Amino acid sequence: MAVSPVLVIKLVEDSTLSVRARLYDDFAEHEIVLNSVLTYWWANNLPPALKFLELFDSVIKRTINEIMPHKTLNLKYGVKANDVLDNASEIEVNLISVSADGVGFKIENGLFSLRGIRNVEPDFEAKEFETVYDHIIETPDIVLKKYKEMKK
């Protein structure tokens with residue numbers, strides 16, 4: 001019987017998002033401390049919803065690479081927001097599928113919502129936004145080599 005790797009997403013008290021990958025007894029975990037990154041994005045006038053999704057992709061990639069070095073990561077997730085992502089103050093993310101070099105991950109708690117991520121509400125009427133992202137993220141060869149060395 002084959003054991004599938006597992007990816008666990010956990011939102012703790014609306015302030016920290018934990019991403020944990022597990023394969024057999026091996027695991028890696030990273031956290032996104034939302035208060036810290038939101039403060040930075042607000043101070044630099046960056047769109048929090050867009051920046052969060054970029055960071056989310058990166059954290060998943062790094063976490064999986066630590067237990068299972070891979071060249072290609074396929075991420076598919078749905079996003080609903082209360083406005084276009086440049087202006088959204090609320091987003092809901094539904095992680096649909098994750099695979100690394102063709103190996104699929106079982107996903108636990110892949111649905112979560114973030115609220116109040118913009119410190120200024122827009123003056124105009126917002127239009128709801130919904131889409132599905134299907135990303136293919138490549139690991140550069142030099143980075144992949146480092147992860148493989150760390151794994152040994």
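The values are calculated or read from the model by the stated rules, or taken from the named source; none is laboratory data. All values reported here derive from a predicted model rather than from experimental measurement. Heads up, the Cβs are rebuilt from the backbone with ideal geometry, glycines too, and the neighbour counts pull from every protein chain shown. When the accessible area is computed, the model is the full protein with side chains, heavy atoms only, and any ligands, DNA or RNA have been set aside. Shrake-Rupley method; radii C 1.70, N 1.55, O 1.52, S 1.80 Å.
Condition first: assigned to a loop (DSSP other than H, G, I, E, B) and either touching a His at 6+ places or on another chain (Cβ under 9 Å) or over 22 Å from PRO140 (Cα atoms) (or both). Can you find one or more residues in region 50-68 that meet it? For region 50-68, residues assigned to a loop (DSSP other than H, G, I, E, B) and either touching a His at 6+ places or on another chain (Cβ under 9 Å) or over 22 Å from PRO140 (Cα atoms) (or both): absent. Within region 22-34, the residues that satisfy the criterion of being open to solvent by 60 Å² or more (accessible area, probe 1.4 Å), assigned to a strand (DSSP E or B) and free of Cβ contacts under 8 Å to residues at least 40 places away in the same chain are GLU29, GLU31, VAL33. For LYS80, state whether it is touching a strand residue (DSSP E or B) at 6+ places or on another chain (Cβ under 7 Å), basic (Lys, Arg) and closer than 20 Å to ASP14 by Cα. Criteria met by LYS80.
Cβ separations smaller than 8 Å between residues 6+ apart or across chains give the following pairs from region 3-20 residues that are acidic (Asp, Glu) to residues that are surrounded by 14 or more Cβ atoms within 10 Å (Cβ to Cβ): ASP14/LEU34; ASP14/LEU114. Taking strands (runs of 3 or more DSSP E) as the structural unit, those lying wholly within region 87-152 and holding at least 3 residues that are touching a strand residue (DSSP E or B) at 6+ places or on another chain (Cβ under 8 Å), at pLDDT 90 or above and surrounded by fewer than 14 Cβ atoms within 10 Å (Cβ to Cβ) correspond to 129-138. Going through region 4-21 one residue at a time, which ones are closer than 18 Å to GLU66 by Cα and in a loop (DSSP other than H, G, I, E, B)? Within region 4-21, SER4, PRO5 meet the criteria.
Summed over region 54-85, residues that are within 15 Å of SER18 (Cα to Cα) and either open to solvent by less than 10 Å² (accessible area, probe 1.4 Å) or without any contact (Cβ under 8 Å) to a residue 40 or more places away in the chain (or both) total 7. You will find that of ALA21, ALA81, the residue that is under 25 Å from LYS127 (Cβ atoms) and of a type in the set (Gly, Ala, Ser) is ALA81 and no other.
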